[in-house]
Each structure stands twice: as structure tokens, then as C-alpha cells.
Amino acid sequence: MISGIINGCTNYMLTAMDQHGMSYDDALEAAAKLGYAEADPTLDVGGFDARSKLRILMRLGMGVDVEEEEIACSGITDLTKMDFEYAKMMGGTIKLIGVATEVDETKVAAYVSPCYVTGDDPLASVNGATNAVEVISDNLVASTYIGQGAGRFPTANSIMNDIVALAKGDSVALPFNPLATNKKFTNNYSSYFYIRIKYRDQVGITRQCGEICEKHGVSIHSILQNPVTRRDDAAFVLITEKVPLTAVKRVCADLEEYEWCRGNTFYMPVLREDWNKQQ
């Protein structure tokens, strides 16, 4: 399994939203002032830059070559302060993470998405514009590689290293291993999921959520709700058991058909299967 925080701009923004209570817009403005965000930040905040890097990591580490557009990709634009409040209620935080994992001996799945991570997770303490990649393997178990991921000085350093290497005529072995012909990519994966639902308060909402989840084979682990201050603008969170992404998408689509559901639902995976071991 390869999982990592591989975009410095978004990690800086999420750290600001988590630790300083900033809104998304304020965090983006602060990132731009420090040179972490481009004039058009779409590639960063949309998760596309991280997806490009994840594709390279998959080729390097797993021998799997896949078109970028096939990798499920969600950015951070839909995250709110409310999501960080719920993450803290659960004892963790939220990070934009690229993940590639072996589903079985023949299939590899990958995605870029905001993820809930527990407070004691190695990636939870990677803050600011820092990047980190964790590799879980048979030989090394878990190893993590950390470094700066954005800013003028780290970028300039990398560029100058490449220029000097070219000028010296340095050569390195080909970085890519042969393609793994026995492994295929699948754009569906299973995980515990966090689903945030905004709603207008009325009787029967919990029952209808349960019916929709049952319809699509999604088991509910828990329901979270902060005290309601405005009955016409409230939200609650469903935490599912381990289920396929496709099932979660169907649940969200059906919930959005109800009159009480305000706007689109928001979902993200939980990074580790043992996330609730201490709960």
C-alpha cells in the first residue's frame, strides 16, 4: 500500500483550517501569499496535482500504469469547518491523501481524496506545506518519507539540482520496473466512509437514511450530530462500515432526492481499517 500527502498547498490549507479555524477561502488566501498556491489553484485544490504524482508512485512501486483520468479524484473545495469539528469529535483530523492499494493478487485500486485520519496516525502530524509518503510492504512493513512539498525555496532547490545534474552529464538507472502484467487497475475500492448530510429538520430523517442504506447494502457504524442551532441549516454525519465506493455513491444520490436534503452530500473515506480500535 502506498499512501501519502503529496501536495504541499492543500496540506498547508487543511492545517490552517484544522489548527487555526480558518475558512476554506481564508486558508487559500494565506497559501497564495506564501507562494504555496498558484494564481489558478485548481490543480492543487481539485486534487489533480496529487493524482499526477500518485500515478507515478503507482508505476514506480507497483508496476501498474494507468491513465490519470481513471483514478478517482476529489479535492478539498467542499470541506467546511463543520467537517473538522466532526473529525475532532472522532479524535482525528482530515488530510488530502493519495492512496494506491492491492485489492487482491490481481487488482490495484487508487484514489485521491480528503480522508479522515486518527490523531495517532503518522500522517496526522504532517502539517504545513510538508509532504509525506508511507509505503507498507512485506519487507519493510511501514516506512515513511517526509520533505517539503511547496514554496519557492524547495522548488528552486529541486530545479537547480536537476540543472547541475544535466550539466555534469549524470546518468541514473531507469527508475521504472517492468510492468506488472498480472495486475489490473480497478476504480472501485472499499473503505469505511464519512458522509456529511445537510438537512432541513423534520420527522423521519433518520429512518429514511436507514432505509436508503439498507437498500444499497450499506451498514451504518455510527451517527454524529452537533447541537442544532438553526433548524433550517443543520447537518449530521453517517459513518459507515467497510463498503464499496459505488454503494456509497448510490446512497448519496438517493438521499439527495429527498426534499429535506439541502444541496449535495459530502463523502470521504476513512484511511485505516483499524481507525476505531480505541473507540
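The values are calculated or read from the model by the stated rules, or taken from the named source; none is laboratory data. The structure presented is a predicted model; accordingly, all values stated were derived computationally and were not measured. We place every Cβ from the backbone using ideal geometry, glycine too, and count neighbours over all the protein chains shown. Accessible surface is based on the protein model in full, side chains and every heavy atom, while ligands, DNA and RNA are left aside. Shrake-Rupley method; radii C 1.70, N 1.55, O 1.52, S 1.80 Å.
Name the pairs whose Cβ atoms lie under 8 Å apart, with the first residue in the stretch 259-271 and on the phi > 0 side of the Ramachandran plot, the second in a strand (DSSP E or B) and open to solvent by less than 20 Å² (accessible area, probe 1.4 Å), and 6 or more positions between them or separate chains?
none
Of the numbered conditions (1) open to solvent by 10 Å² or more (accessible area, probe 1.4 Å); (2) over 13 Å from the mean Cα position of the chain (by Cα); (3) in contact (Cβ under 8 Å) with a residue 24 or more places away in the chain, Thr77 satisfies every one except a single condition; which is it?
Among (1) open to solvent by 10 Å² or more (accessible area, probe 1.4 Å); (2) over 13 Å from the mean Cα position of the chain (by Cα); (3) in contact (Cβ under 8 Å) with a residue 24 or more places away in the chain, the lone unmet condition for Thr77 is (2).
Specify which of the listed residues (Tyr116, Tyr145) is modelled with pLDDT of 95 or more and among the hydroxyl-bearing types (Ser, Thr, Tyr).
Of the residues listed, the single one that is modelled with pLDDT of 95 or more and among the hydroxyl-bearing types (Ser, Thr, Tyr) is Tyr116.
Filter the stretch 74-83 down to the residues that are in a loop (DSSP other than H, G, I, E, B) and not small (Gly, Ala, Ser), then identify the one that is modelled with the lowest pLDDT.
Thr80
Within the stretch 6-15, does at least one residue satisfy the condition of being at pLDDT 95 or above, touching a helix residue (DSSP H, G or I) at 6+ places or on another chain (Cβ under 6 Å), over 26 Å from Asn187 (Cα atoms) and aromatic (Phe, Trp, Tyr)?
Yes, there is a match, as at least one residue in the stretch 6-15 is at pLDDT 95 or above, touching a helix residue (DSSP H, G or I) at 6+ places or on another chain (Cβ under 6 Å), over 26 Å from Asn187 (Cα atoms) and aromatic (Phe, Trp, Tyr).
Quick check on this structure: which one of Glu29, Glu38 is closer than 18 Å to Asn7 by Cα, open to solvent by 80 Å² or more (accessible area, probe 1.4 Å), out of contact with any Lys or Arg (no Cβ under 9 Å at 6 or more places or on another chain) and modelled with pLDDT of 95 or more?
Matching residue, one of Glu29, Glu38: Glu29.
Among the residues of the stretch 208-259, how many are buried (at least 18 other Cβ atoms within 10 Å of the Cβ), β-branched (Val, Ile, Thr) and either part of a strand (DSSP E or B) or touching a Phe, Trp or Tyr at 6+ places or on another chain (Cβ under 7 Å) (or both)?
Total meeting the criteria: 5.
Hey, any hits in the stretch 92-103 for a residue that's open to solvent by 20 Å² or more (accessible area, probe 1.4 Å) and within 16 Å of the chain's Cα centre (by Cα)?
yes
May I ask you to list pairs of residues, at least six apart or on different chains, whose Cβ atoms are under 7 Å apart, with the first in the stretch 26-43 being closer than 16 Å to Thr130 by Cβ and the second being open to solvent by 70 Å² or more (accessible area, probe 1.4 Å)?
Here the result reads Gly35/Arg152, each pair linking the stretch 26-43 to a residue that is open to solvent by 70 Å² or more (accessible area, probe 1.4 Å).
Evaluate the stretch 164-172: report whether one residue or more is within 30 Å of Val228 (Cα to Cα), small (Gly, Ala, Ser) and in a loop (DSSP other than H, G, I, E, B).
Looking through the stretch 164-172, none of the residues is within 30 Å of Val228 (Cα to Cα), small (Gly, Ala, Ser) and in a loop (DSSP other than H, G, I, E, B).
Could you please give the count of residues in the stretch 44-73 that are under 27 Å from Ala27 (Cα atoms), in contact with a strand residue (DSSP E or B) (Cβ under 7 Å, 6 or more places away or on another chain) and not in a helix (DSSP H, G or I)?
So the count comes out to 4.
Rundown of residues vs (1) closer than 23 Å to Lys81 by Cα; (2) charged (D, E, K, R); (3) open to solvent by 90 Å² or more (accessible area, probe 1.4 Å), yes/no style:
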residue: Val108; (1), (2), (3): no, no, no
residue: Tyr111; (1), (2), (3): no, no, no
residue: Ala124; (1), (2), (3): yes, no, no
residue: Thr130; (1), (2), (3): yes, no, no
residue: Val135; (1), (2), (3): no, no, no
residue: Val141; (1), (2), (3): no, no, yes
residue: Tyr145; (1), (2), (3): no, no, yes
residue: Lys168; (1), (2), (3): no, yes, yes
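Does at least one position in the stretch 222-241 carry a residue that is touching a His at 6+ places or on another chain (Cβ under 9 Å), more than 16 Å from Phe266 (Cβ to Cβ), at pLDDT 95 or above and not polar (S, T, N, Q)?
Scanning the stretch 222-241 turns up at least one residue that is touching a His at 6+ places or on another chain (Cβ under 9 Å), more than 16 Å from Phe266 (Cβ to Cβ), at pLDDT 95 or above and not polar (S, T, N, Q).
Could you tell me which residue of the stretch 260-271 is farthest from the chain's Cα centre (by Cα), considering only residues that are buried (at least 18 other Cβ atoms within 10 Å of the Cβ) and either farther than 30 Å from Asp120 by Cβ or not polar (S, T, N, Q) (or both)?
It comes out as Cys261.
I'm trying to understand the selection: among the residues of the stretch 179-207, which are open to solvent by 30 Å² or more (accessible area, probe 1.4 Å), within 15 Å of Ala247 (Cα to Cα) and in a loop (DSSP other than H, G, I, E, B)?
Within the stretch 179-207, Asn187, Asn188, Tyr192 meet the criteria.
Quick one: Tyr116 ticks every box in (1) of a type in the set (Phe, Trp, Tyr); (2) more than 18 Å from Asp18 (Cβ to Cβ); (3) buried (at least 20 other Cβ atoms within 10 Å of the Cβ) except a single one, so which number is it?
Among (1) of a type in the set (Phe, Trp, Tyr); (2) more than 18 Å from Asp18 (Cβ to Cβ); (3) buried (at least 20 other Cβ atoms within 10 Å of the Cβ), the lone unmet condition for Tyr116 is (2).
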